[in-house]
1. Out of 86, 71, 94, which single residue is more than 17 Å from residue 145 (Cα to Cα) and touching a His at 6+ places or on another chain (Cβ under 6 Å)?
2. Would you confirm, using the coordinates I've provided, whether residue 82 is in a loop (DSSP other than H, G, I, E, B) and surrounded by fewer than 18 Cβ atoms within 10 Å (Cβ to Cβ)?
3. Would you point out the residue of segment 50-106, among those that are touching a residue at least 60 places away in the same chain (Cβ under 8 Å) and of a type in the set (Phe, Trp, Tyr), that is nearest to residue 8 (Cα to Cα)?
4. If the requirement is being in contact (Cβ under 8 Å) with a residue 60 or more places away in the chain, surrounded by 13 or more Cβ atoms within 10 Å (Cβ to Cβ), out of contact with any Cys (no Cβ under 7 Å at 6 or more places or on another chain) and acidic (Asp, Glu), which of these qualifies: 42, 36, 15?
5. Filter segment 45-70 for residues that are of a type in the set (D, E, K, R) and over 13 Å from residue 132 (Cα atoms); which is surrounded by the most Cβ atoms within 10 Å (Cβ to Cβ)?
6. Tell me which residues, restricted to segment 17-64, are among the small types (Gly, Ala, Ser), touching a Ser or Thr at 6+ places or on another chain (Cβ under 9 Å) and under 22 Å from residue 125 (Cα atoms).
Amino acid sequence: MNSELEELYQEVILDHSRRPRNFGTLADAAVRVHGDNPACGDEIDLAVKFGDDDSLQQIKFTGQGCAISQASASLMTMKLKGKSRAAAEEMLGAFRGLIAGGSDDGSPILGDLRLLGGVRKFPQRVKCAMLAWRALDAALRQNAGAAVVSTEDDGATPKP
């Protein structure tokens, strides 16, 4: 990453961690997922309300944690609000590839989320960036109810 891009990365992370977008409760959420990262103490509570067309009509989060986990959740909710489940799943795969695999194939659909690609240089921080996305993955696999996910799980199925 060049110095201008690193500076932009830091500015975006700090802005979204200090003033997260879509932060708050969602009283009429269909799905709620609690995610935690025991390695560093990050926690995210993701709430999703699906529209009649099965889009992510509303998506909000609460929680606490490092700047990366909060910024990732903030950027994710901004990008996904109003998107279809299929678009959300596509974005999840692209983000996972960017953060964990170092692939930039999904860049056109990720937009500003690409700035989080620098996290892959710090393997312990990958879990921080992925926490909200793991919660999203669990939310997309259900229509109603609650689930719990952890960065220490294999991610195959959310806990009831």
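Laboratory data are not the source of any read-out in this text; all were calculated from the coordinates shown. Because the structure is a prediction, the values reported are computed rather than measured. Methodologically, a virtual Cβ is constructed for each residue, glycine included, from the backbone with ideal geometry; neighbour enumeration extends over all protein chains shown.
1. None of the other options fit; the residue is 71.
2. Yes.
3. 61
4. Only one candidate qualifies: 36.
5. 49
6. If the condition is that a residue be among the small types (Gly, Ala, Ser), touching a Ser or Thr at 6+ places or on another chain (Cβ under 9 Å) and under 22 Å from residue 125 (Cα atoms), then 17, 35, 39, 63 are the ones that fit.
A quick yes/no check of all residues on (1) of a type in the set (Ser, Thr, Tyr); (2) part of a helix (DSSP H, G or I); (3) under 17 Å from the mean Cα position of the chain (by Cα):
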position: 4; (1), (2), (3): no, yes, no
position: 14; (1), (2), (3): no, yes, yes
position: 36; (1), (2), (3): no, no, yes
position: 48; (1), (2), (3): no, no, yes
